[in-house]
Amino acid sequence: MDYTRQEMMAIATGREFKDGELAIFGVGLSMLAGFFAQKNHAPNLMAFTEGGVYGSTPVGGLPWGIEDNRISANAVSFTNGIDALGFLVASGRVDNAVIGAAEVDKYGNVNTTGIWAEGTDPWKVGKYTLPRVRLNGSGGANEIATGAKKYLLMVTHERKRFNEKVSYISSPGYLDGGNARDKYGFPGGGPSAMITTLGILRPDPVTKEFILTGYYPFSSIEEVKENTGWDLKVAPDAQVIPEPTEKELENLRAVDVTGSLRKKK
Amino acid sequence: MNKSKLITMKEAVEKYTYDGMYFGHGGSLPVGSDCVSFFREMVKAGIKDIDCASGCNTQGTNLLAAVGGIKRIELGFSGLEVYGFANGLKRAVETGKTILEDYSNGAMPIRMMAGALNWPFVPTFMNTGCDQQWASADDPENYPNTKKIPEITDPFTGKTCGAFTPIKPDVAAIHVTMADIYGNAIMLGTEWNRFELSRCSKKVILVADKIVDTGVMRQYPNLVRIPYIVTDAVVYAPYGVWPACSTGLYDSDEEHMFYMNKMLKTEEGTNEYLEKFGQYGDVWDYVNMIGQERIDKITNTDTAFLMDPYRQWIKTDAEIKELLERR
C-alpha cells in the first residue's frame, strides 16, 4: 500500500483516541490526526481548540491556525483562551491531546522554544543565554502538558530531535523521571506515548523513561535506535505496528484534503 | 453613553500611543483576530521601545519587531502557526534587539485577568516545573529563576505552586468585528484574550472592521462582551486584520501572509515591504492599497453567513465619513 511516514504517524496517533473522550488538538499535523480519529473510529470524540472553538470540523483544508476561518466555519460555540486552555485543559478535565515538538528527551520533556549553540543550554551554563535559533515557544502545549489527563507527542524521528536531555523544557514531561512531576502538583498525568515517523515509544511505568514498544512495517528496531540520541531501551514485546488499513487511509485523506501529510516521504 | 468616541486611526495613534508604553493587543492571534493595521499605523508614526503584552505573535508584532520598535515582549507563542516562524520577530530576538520573555498561551489571559481584578498575583500550575519558570530573559543570570514565577505555598494545603504577576497595560488596541460609535463591541470567532485585555488596560482603543448602529447591541446584549464603559476610542478599520483573517468577514490572505513574512526576514526586505504597504494615507487609501482583487478573494469566506444577523445595522462608508465630520 502506498502511504507516507507522516501518514503512518498520523494514523498511529489517531488510533490512540477513544470514542467519547474530551480532546484538544494542536495546530497543523496533530489536528489532522485528531480529526482523522473522529472520522474513522471515534465519532463522539469531543474536540475543541485552545481558543475555545467548539464542535467544528475543518472546512476547505488544513486550518492555518487554531483560530482560522477553516475551523470556525461550523462551530457551535466560540469562547476564549481562559475557558479552553484554563477551565478545560489546565484544570485537568481533558482526557487526551496531541502536541508536536522540535526536540524531546527520554523522559518526554518537550522543547519548542529554541536551539542553543553546543554547550550553551541554560541548564548547562546556569543562565539564560539567547538561543542561536528562536523557535515558537510553548503556545498552549504547556497547559496540555501540565493539565491533560494524558497526551501524545507527535514527532518526526530524527537523531537531532531525540536527545538525552532537551536544551530547554517548554512543556514538562516526566522531568528527571520517576515521580518528579509530583513536586509541582500538576493536575495532569503526563505523556502516554511518543508517536514518531519511525515507531511508538511509551514510558516505563516506574522510571518513566521512554522505551520502544513498536515500529512500522517500513522501519526497524535498528533504524529507530540509530535515530535516537539516547541509549534507547526496547520493550521485550516490541512489535510491528499494523500498517494503515484502506479505510484508515481513506478517512485520513478525507480530512487531509490539501495533502499536508503526503508532501514528505 | 451619548458621546461619540469614533476617531481616525491616525488620531488614535497620535493621541494614545507613545514611545516606551506598555502595550496590549487583542486578540493577538497569529492567523486570526488582531489589530494589525493599528501596528502599521504605529510603524508609520515611528513609535518605538514598546513593551508588549501579547497572547501570541501576529503580523502586527512581526512587523513592529522587524523595524526595531519592540524593546520587550511577553507572549505565549512567537510564530505564525502553519505559516511558519515569524521572521521579523525571530530576527529581532536572535540579534538581541527584542527581549522575549516566554510564557504560555494560557498564562497570558490568566495574568490579564489578575490585572483586571487588581490582584497582587495569581496562583498557577501552568508554566511551573519547566524552563518557562526557570529561565528569564529579563533576569538571565538568575537560573533557575526565583523571581519570574516564584514558588509559593498554598496557605490551605501547604503544597507548592507558582505565582504569576498581573498584566496592566498602559494602552490596549483591540480588534473587534463590529463596534458602535460609543464603544460597545461584538466579536465573532474566538475572543482569545480580548475580554480580559479590555478590563486590565488603562486605555482601550477598539479597532473595528465594521461600525454598526447601537440597535444591534440592544438586540444582542449578551454578545456585547466589551461595553462602552471600558472603551476610550473607536477606530473604523476595514480589513484591519489583513493579511490574517476576521471571522465572518474575510479569510487569511495566504499569498500575502507568506510574502510579508518573507520580506520581514531582512532589514532590506522590511524596507521594501514598507515602501509598498506602509505608505498609504487614511483608511480608504489603505483599502485601495489592498486592492479589489485581493478583497474579492478573501471575502469569499465560508464564515460569511455568521454576519447575516447583523447586516441591517452596518454603517456605510458615507455614513462613517459623516459621523467623523460631524464631531
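The values are calculated or read from the model by the stated rules, or taken from the named source; none is laboratory data. This is a predicted model, so every value here is computed, not measured. Note: ideal-geometry Cβ built from the backbone for every residue, glycine included; neighbour counts use all protein chains shown.
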What number of residues within the stretch B:148-184 satisfy the criterion of being crowded, with 24+ Cβ neighbours inside 10 Å, within 14 Å of chain A (Cβ to nearest Cβ) and more than 27 Å from A:Y184 (Cβ to Cβ)? 3
In this structure, is A:A145 in contact with a Pro (Cβ under 7 Å, 6 or more places away or on another chain) and more than 7 Å from chain B (Cβ to nearest Cβ)? yes
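Each row is one residue, and each column tells you yes or no for (1) outside any loop (DSSP other than H, G, I, E, B); (2) free of Cβ contacts under 8 Å to residues at least 12 places away in the same chain.
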{"residue": "A:D182", "(1), (2)": "yes, yes"}
{"residue": "A:F186", "(1), (2)": "no, no"}
{"residue": "A:A193", "(1), (2)": "yes, no"}
{"residue": "A:K208", "(1), (2)": "no, no"}
Kindly check whether there is at least one residue in the stretch B:192-201 that is assigned to a strand (DSSP E or B), of a type outside the set (S, T, Y), more than 14 Å from chain A (Cβ to nearest Cβ) and under 14 Å from the mean Cα position of the chain (by Cα). no
What residue, of B:K265, B:K210, is within 30 Å of B:N2 (Cα to Cα) and either at pLDDT below 95 or among the basic types (K, R) (or both)? B:K210
Kindly evaluate B:I47 against the criterion of being surrounded by fewer than 24 Cβ atoms within 10 Å (Cβ to Cβ) and more than 8 Å from chain A (Cβ to nearest Cβ). yes
Which of the residues that make up the stretch B:205-220 are touching a Gly at 6+ places or on another chain (Cβ under 8 Å) and either within 14 Å of another protein chain (Cβ to nearest Cβ) or β-branched (V, I, T) (or both)? B:V207, B:D209
Residues within the stretch A:8-28 that are surrounded by fewer than 23 Cβ atoms within 10 Å (Cβ to Cβ) and assigned to a helix (DSSP H, G or I), tallied: 0
Filtered residues of the stretch A:170-180 (kept if out of contact with any helix residue (DSSP H, G or I) (no Cβ under 9 Å at 6 or more places or on another chain) and either within 7 Å of chain B (Cβ to nearest Cβ) or assigned to a loop (DSSP other than H, G, I, E, B) (or both)): A:D176, A:G177, A:G178, A:N179
Just a yes or no: is a residue in the stretch A:112-126 modelled with pLDDT of 95 or more, within 25 Å of A:L22 (Cβ to Cβ) and in contact with a Gly (Cβ under 8 Å, 6 or more places away or on another chain)? yes
